[in-house]
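*Asks:* Supplied in structure tokens, the structure appears directly below.
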Amino acid sequence: MKLIVGLGNPGKEYANTRHNMGYMVIDALAKKWNLSTFKNNFQGEYVAHTIQQAILLKPTTFMNLSGQSVNALAQFYKIAPQEMVIVYDDLALEPGKIRLRMTGSSGSHNGMQHIIDTFSTQEIKRIRIGIGAVPLEQKGKDYVLGIPSKEDQKKINQAILDAVSAIEVYLKTNFSQAMNQFNRGDSD
């Protein structure tokens, strides 16, 4: 069983913000797979897909404590960190870009850092969704908790679809194949 985790913050006030890209990918994947009933447990909302052999999780601990939810579910289902993919927003990528990585630092993303700290390893696959750099006149927190412009949202919607496809390629083949297919263009 694989664990696909989308990072975000719970609550309607955060639903369409840049910081909830992970949630958006999980919701798009669940919709594509016709999964509508998420269970509330493990400090998150999750649903399993037996054919895909995957569990989709949206931690509801708020971003900075995401590792608590991921760890609780992973322990219950005996899923190793190497069998997880974490999906989250990234300021270092332009809106609409996605980047898949097998390992590495959190790149200053607090949710990913909490997961790395919780599992004591950077050997966790991730898919980063570009939201663009913080404008000079804005604070980082205000930017990530803000709603993208219509133009950026169109690009982000495509990135969400690309992330869904990348996850499906990973589940059918392997993560290296997904990286080869979806890491196009500039390096991170």
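*Asks:* Beyond 26 Å, what share of the Cα-Cα pairs of the chain is found? Please give it as a whole percent.
*Replies:* Here the tail beyond 26 Å accounts for 22 percent of pairs.
*Asks:* Further question on the same structure: Counting other Cβ atoms within 10 Å, which trypsin sites (Lys or Arg not before Pro) in segment 124-188 have at most 14 and lie in a DSSP loop?
*Replies:* Passing sites in segment 124-188 are K139, R184.
*Asks:* Now for a separate question. Taking the Cα centre of segment 100-188 as origin, sum charge times position over the Cβ atoms of Lys and Arg (+1) and Asp and Glu (-1), and report the length of that vector in debye to the nearest 20.
*Replies:* Approximately 160 debye in magnitude.
*Asks:* Suppose a student asked you for the relative contact order of the chain, using Cα pairs under 8 Å spaced at least 6 residues apart; what percent would you report?
*Replies:* For the chain, the relative contact order is 25 percent.
*Asks:* Still on this structure, please answer the following. Could you line up E137, E94 from fewest to most neighbouring Cβ atoms inside 10 Å?
*Replies:* With the fewest neighbours first, E137, E94 line up as E137, E94.
*Asks:* Report the charge-dipole magnitude of segment 2-182 in Debye, nearest 20, computed about the Cα centre from +1 at each Lys and Arg Cβ and -1 at each Asp and Glu Cβ.
*Replies:* 300 debye
*Asks:* Among G8, S66, L56, which residue has its Cα positioned farthest towards the positive end of the charge dipole of the chain, with +1 placed on the Cβ of Lys and Arg, -1 on the Cβ of Asp and Glu, and the dipole taken about the Cα centre?
*Replies:* Farthest along the dipole direction, towards plus: L56.
*Asks:* Starting from the Cα of F38, step 7 Å along the direction of its Cβ; do the same at S165; then give the gap between the two resulting points in nm.
*Replies:* It works out to 2.5 nm between the two label points.
*Asks:* Counting DSSP beta bridges with both partners in the chain, what percentage is antiparallel, nearest 5?
*Replies:* Bridges in the chain are about 50 percent antiparallel.
Here, each number is a calculation from the coordinates, and none is a lab measurement. Remember, it's a predicted structure, so these values are computed and weren't measured experimentally. Note: ideal-geometry Cβ built from the backbone for every residue, glycine included; neighbour counts use all protein chains shown.
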